[in-house]
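In what follows, a single structure is set out as structure tokens and then discussed.
Nothing in this text is a laboratory measurement; each read-out follows from the coordinates by a stated rule. Because the structure is a prediction, the values reported are computed rather than measured. Glycine gets a Cβ as well: all are built from the backbone with ideal geometry, and neighbour counts include every protein chain shown.
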Amino acid sequence: AQSVSQHNHHVILSEAASLELGCNYSYGGTVNLFWYVQYPGQHLQLLLKYFSGDPLVKGIKGFEAEFIKSKFSFNLRKPSVQWSDTAEYFCAVNKGNRGSTLGRLYFGRGTQLTVWP
Amino acid sequence: DAGVIQSPRHEVTEMGQEVTLRCKPISGHDYLFWYRQTMMRGLELLIYFNNNVPIDDSGMPEDRFSAKMPNASFSTLKIQPSEPRDSAVYFCASSLRWGEQFFGPGTRLTVL
């Protein structure tokens, strides 16, 4: 079955620390990859996405992610976090442009990031 | 564009009552998704539509839940009868083909 794994359930950092959140998926075909962020009490918002091309993707607010096909991974990074980055982060995958589940996103369980000022 | 619109934003009801959640997707989007989010189970896909047709409803918890999409600009998720364990935030999202999904603000449902 299609699955998306986020290894860290809760990450706690101090401001200015570097961040890396892991994401692995199980599907072997063409994939589109996404990171969403959910600030406290709000809905999910897109942080960045990868469809094709340069595997290093830059998103909003200084976030970036690297697609490593051989490792089925799409880890999220930020060199220096801020208190305002406190939120829950979700990795998501869909199966590109094929299959009966076209359009459906498979979400990881999410990683709660807490940044202390 | 106004984004995905959901109503109501908050709903408090008593066990056994019927609850109807509403969603207006972004104009032109051909996919619509209903999700449920709880602390215990995280984000769950309940059902999704393509061009108003339900594609996969395997995430719908049980027969008490039903969803419709009578036209491209409107969808409902109904729970009848509601139970306390249905308390959650329900999100609607829409997308164009296999692109990114845009989420609505959610409906926070509390069943007493």
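Check off (1) at the interface with chain B (Cβ under 8 Å from one of its Cβ atoms); (2) assigned to a strand (DSSP E or B) for A:Arg104 and give me the number that stays unchecked.
(2)
Is region A:18-39 home to any residue that is crowded, with 16+ Cβ neighbours inside 10 Å, of a type in the set (Asp, Glu) and over 24 Å from B:Trp34 (Cα atoms)?
No, every residue in region A:18-39 fails to be crowded, with 16+ Cβ neighbours inside 10 Å, of a type in the set (Asp, Glu) and over 24 Å from B:Trp34 (Cα atoms).
When A:Leu113 is evaluated against the numbered criteria (1) under 23 Å from B:Ala88 (Cβ atoms); (2) within 14 Å of chain B (Cβ to nearest Cβ); (3) touching a residue at least 60 places away in the same chain (Cβ under 8 Å), which criterion, by number, is the only one it fails?
All conditions are met except number (2).
Could you list all residues from region A:1-29 that are within 14 Å of A:Lys71 (Cα to Cα) and β-branched (Val, Ile, Thr)?
Within region A:1-29, A:Val4 is the sole residue that qualifies.
What single numbered condition from (1) surrounded by fewer than 16 Cβ atoms within 10 Å (Cβ to Cβ); (2) part of a strand (DSSP E or B) fails to hold for B:Met15?
Result: B:Met15 fails condition (2) only.
Every residue, every condition in (1) acidic (Asp, Glu); (2) in contact with a Phe, Trp or Tyr (Cβ under 8 Å, 6 or more places away or on another chain); (3) within 14 Å of chain B (Cβ to nearest Cβ); (4) more than 14 Å from A:Ser3 (Cα to Cα), yes or no:
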position: A:Tyr25; (1), (2), (3), (4): no, yes, no, no
position: A:Val37; (1), (2), (3), (4): no, yes, yes, yes
position: A:Pro40; (1), (2), (3), (4): no, no, yes, yes
position: A:Lys61; (1), (2), (3), (4): no, no, no, yes
position: A:Glu64; (1), (2), (3), (4): yes, no, no, yes
position: A:Pro79; (1), (2), (3), (4): no, no, no, yes
position: A:Asp85; (1), (2), (3), (4): yes, no, no, yes
position: A:Tyr89; (1), (2), (3), (4): no, yes, yes, yes
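When B:Arg108 is evaluated against the numbered criteria (1) free of Cβ contacts under 8 Å to residues at least 60 places away in the same chain; (2) assigned to a strand (DSSP E or B), which criterion, by number, is the only one it fails?
(1)
When region A:43-99 is examined, which residues are found to be in contact with a helix residue (DSSP H, G or I) (Cβ under 9 Å, 6 or more places away or on another chain) and acidic (Asp, Glu)?
A:Asp85
Test A:Ser70 against the stated conditions and say whether it is in a loop (DSSP other than H, G, I, E, B) and more than 24 Å from B:Arg36 (Cβ to Cβ).
no
Name the single residue, out of those in region A:61-84 being in contact with a strand residue (DSSP E or B) (Cβ under 6 Å, 6 or more places away or on another chain) and without any contact (Cβ under 8 Å) to a residue 24 or more places away in the chain, that is farthest from A:Asn32 (Cα to Cα).
Among those residues, the one meeting the criterion is A:Gly62.
Name every residue in region B:93-112 that is under 17 Å from B:Ile26 (Cα atoms) and in contact with a Ser or Thr (Cβ under 7 Å, 6 or more places away or on another chain), in order of residue number.
B:Gln101, B:Phe102
Which one of these does A:Val57 not meet: (1) closer than 14 Å to A:Gly108 by Cβ; (2) within 12 Å of the chain's Cα centre (by Cα); (3) within 14 Å of chain B (Cβ to nearest Cβ)?
Failing condition for A:Val57: (1).
Please specify each residue of region B:48-97 satisfying the condition of being in contact (Cβ under 8 Å) with a residue 60 or more places away in the chain, outside any strand (DSSP E or B) and either among the small types (Gly, Ala, Ser) or within 14 Å of chain A (Cβ to nearest Cβ) (or both).
Answer for region B:48-97, where residues must be in contact (Cβ under 8 Å) with a residue 60 or more places away in the chain, outside any strand (DSSP E or B) and either among the small types (Gly, Ala, Ser) or within 14 Å of chain A (Cβ to nearest Cβ) (or both): B:Ser82, B:Leu96, B:Arg97.
Can you name the residue in region B:61-112 that is under 13 Å from the mean Cα position of the chain (by Cα) and aliphatic (A, V, I, L, M) and, of all such residues, is farthest from B:Met40 (Cα to Cα)?
Only one residue fits best here, namely B:Met69.
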